[in-house]
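Where a number appears in this text, it was derived from the coordinates with a stated rule and is not lab data. The structure presented is a predicted model; accordingly, all values stated were derived computationally and were not measured. When we count neighbours, we look across all protein chains shown, and the Cβ atoms used for this are built from the backbone with ideal geometry, even at glycine.
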Amino acid sequence: MKGLVLIVPPRDGPVTPRWSSCPGPLVPVANRPLLAHAVDMLIAAGAGEVAVVCPPVLLSDLRSAGAGRTAVDVEWIASDATDDAGRAILGAEAFLGGDRFLVHTTRGLWLRHRRRLRQALRSSEDAALLYVAGAAVTEPARVLQPVPAPVGHGPSAASPDAAAAAAEFAVACFGPEIVEALHGVAAPEASLGSALEALARQGAGVRPCPAEGWYGFDGSAEELLTLNRLALDDLPDARLPSSLADSRVTGRLDVHATARVSRSVIRGPVVIGARARIADAYLGPHTVVGDDGVVENAEVEATVLVAGARVQNTGVRIESSVIGEGASVTRSFELPRALRLALGPDATVELA
């Protein structure tokens, strides 16, 4: 079985979050790109090989950022058609080679009920099993009921059920029949919804069901914090590195070998990235310090510091926050005292 990660644009919000300089698939979840988690999920669900289908403009950045961050080497497929899953699948036809395949989109991550998902994907014999995010499907798994084709008028347009499943699915398992059905849809539509409708009309199993373990990501800081919290809850126990000096640690901790932690209190789950520096600090649960991040003489909890962010001498605990690449939160002791800010678009500062 093969696996595809589809780099699809978010339904709401920009491809690149306002608080970040990286595209959505590269936002850090537990200090690894969302894309890397998606690849690992496909491997765990039974895919032997994985390809990433992405717009050509993002190919170089995604390839360089993803190198070495996934469980396996992936194949990269450039496609201008990632806004429609059907055309994106056709762009990967050579890679798929007629095999059954899994698809994971980058509008979020599957972070709960993973064992149940793996069992369902591996045992499915449907032509299409689609786990649909949002309110598009509220019933348990069921066979799609197609709209009959009008007599003498060729294939009908996709039914609302098929269109919703095609547009809103988060994870799916397809048989090779879907590729043939996509070829049978008249261009330029070639949409997944129309292909699903055609398969259902032929009596093939097309089964949408709710994506109960899926958590979406549309670029908001709140959703990033949720993804990180859930991913950190699954953080495995790790041996404490020798770089911890005069520090107290409880809970699960993942510290890169090049990070330095001194005179600090850490309550996991916490991830600390490469070359990060933590000194005279408190890191509370569900905190991620990215590569080259700095926390000194400060308290941080349930917060994501993206690569290069700095928190120093704040005098107040920072919590439930996202601090973007290279951003700095510091306290100056110069007089006269004042609040001095340099904020980008859509930034939020909440004083308490």
Inset, instruction - Could you sort 30-36, 262-268, 315-321 so that the peptide with the highest average Cβ count within 10 Å comes first and the rest follow in order? - result: 30-36, 262-268, 315-321
Legend entry - Under the Karplus curve 6.51 cos²θ - 1.76 cosθ + 1.60, θ = phi - 60°, whole-Hz ³J(HN,Hα) for the stretch 47-62, x wherever Gly or Pro sits: 6, x, 9, 10, 10, 10, 9, 9, x, x, 5, 9, 4, 5, 5, 5
Legend entry - Length released on extending from Glu180 to Ala245, taking residue separation times 0.36 nm less the Cα-Cα span: 17.3 nm
Inset, instruction - Enumerate the amide H contacts of Ala51 below 5 Å, restricted to partners 5 or more residues apart or on another chain; note that Pro and chain-start residues carry no placed amide H. - result: Gly3, Leu4, Val5, Glu75
Inset, instruction - Give me the distance between the Cα centres of the stretch 189-218 and the stretch 242-302, rounded to whole Å. - result: 43
Inset, instruction - When a/c is below 1.5 the answer is rounded, else prolate if a/b is larger than b/c, else oblate, so apply that to the stretch 212-294 with a ≥ b ≥ c taken from the square roots of the Cα gyration tensor eigenvalues. - result: prolate
Inset, instruction - Using a 10 Å cut-off on Cβ atoms, rank the peptides 221-233, 53-65, 111-123, 172-184 from the highest mean neighbour count down. - result: 172-184, 221-233, 53-65, 111-123
